[in-house]
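The values are calculated or read from the model by the stated rules, or taken from the named source; none is laboratory data. Source: prediction; values computed, not measured. We place every Cβ from the backbone using ideal geometry, glycine too, and count neighbours over all the protein chains shown. Just the protein is used for accessible areas: all its heavy atoms, side chains included, with ligands, DNA and RNA removed. Shrake-Rupley method; radii C 1.70, N 1.55, O 1.52, S 1.80 Å.
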Amino acid sequence: WMCGRAGRIREEGPATGAVSRRAVALAYLLAVAAGVMSAIFNIGYSLALPIADAGRRLGVSHFGATNVIWLLMLGAGSLPNIVYCGLRLKRHGSHRLFAGGGPATSWGLSVLMGLLWGGSIFLYGAAAPRLGGIGPSIGWPLSLAAALVVANGMGMLLGEWRGAPPEAARWMRGGIAALLAAILLCSASSVLGGA
């Protein structure tokens, strides 16, 4: 919330048109719904842990066994995403933009982003069980908080916040501090929960 407030303050200004209270309320509702729905990914992982257990019984490494879960979940989940995006690209004629001039940088950065995201998911799958019985409960919030800290920290380092109002920068620093505190709290609870 604090990081979101910082972004909102940063974006406010004379160039921004008036936004109705209803639109703002809807935006917050959708953001909360997206946050709640993101937990479904972790619920699917937790419910599929018997698949990883079966893989370990067959001699597959711990890391490899959890990757079987991701193969099933991400493979199945990618199909509707690919179809939907393909239909939208075709409907709006924007599929031609992929072949436009100078796409090498965009394609390269897109591939890098996919590899980094995929790598983080594989690392989460390998790390969550090592947090003990509460691993899936603690691991997912840790993963999300760490992603927010890194993304917002990189934004600050790369100058995204240069020229932002001081109040926005204060909210962002406070939000990052709150996320770091949450990471420490979750980490401590996993250690105490495993004791």
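The figures follow:
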item	result
Residue, least open to solvent (accessible area, probe 1.4 Å), within region 153-190, restricted to residues that are assigned to a loop (DSSP other than H, G, I, E, B) and free of Cβ contacts under 8 Å to residues at least 40 places away in the same chain	Gly159
Close pairs from region 113-138: first over 24 Å from Leu184 (Cβ atoms), partner assigned to a helix (DSSP H, G or I), Cβ under 9 Å, at least 6 apart	Gly118/Trp70; Gly118/Leu74; Phe122/Phe63; Phe122/Thr66; Phe122/Asn67; Phe122/Trp70
Ala65 being open to solvent by less than 60 Å² (accessible area, probe 1.4 Å), touching a Lys or Arg at 6+ places or on another chain (Cβ under 6 Å) and more than 30 Å from Ala178 (Cα to Cα)	yes
Exclusive hit being closer than 30 Å to Leu179 by Cβ, of a type outside the set (Val, Ile, Thr), assigned to a helix (DSSP H, G or I) and open to solvent by 50 Å² or more (accessible area, probe 1.4 Å), set Leu79, Leu87, Leu30	Leu30
Test for Val150: is it open to solvent by 30 Å² or more (accessible area, probe 1.4 Å), modelled with pLDDT of 85 or more and in a helix (DSSP H, G or I)	yes
Filter result for Val36 (under 21 Å from Pro141 (Cα atoms), within 23 Å of the chain's Cα centre (by Cα) and open to solvent by 70 Å² or more (accessible area, probe 1.4 Å))	yes
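For every residue, the table says whether it meets (1) surrounded by fewer than 10 Cβ atoms within 10 Å (Cβ to Cβ); (2) over 29 Å from Ile176 (Cβ atoms).
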{"site": "Ser46", "(1), (2)": "no, no"}
{"site": "Leu49", "(1), (2)": "no, yes"}
{"site": "Arg57", "(1), (2)": "yes, yes"}
{"site": "Val60", "(1), (2)": "no, yes"}
{"site": "Ser120", "(1), (2)": "no, no"}
{"site": "Ala127", "(1), (2)": "no, no"}
{"site": "Leu142", "(1), (2)": "no, no"}
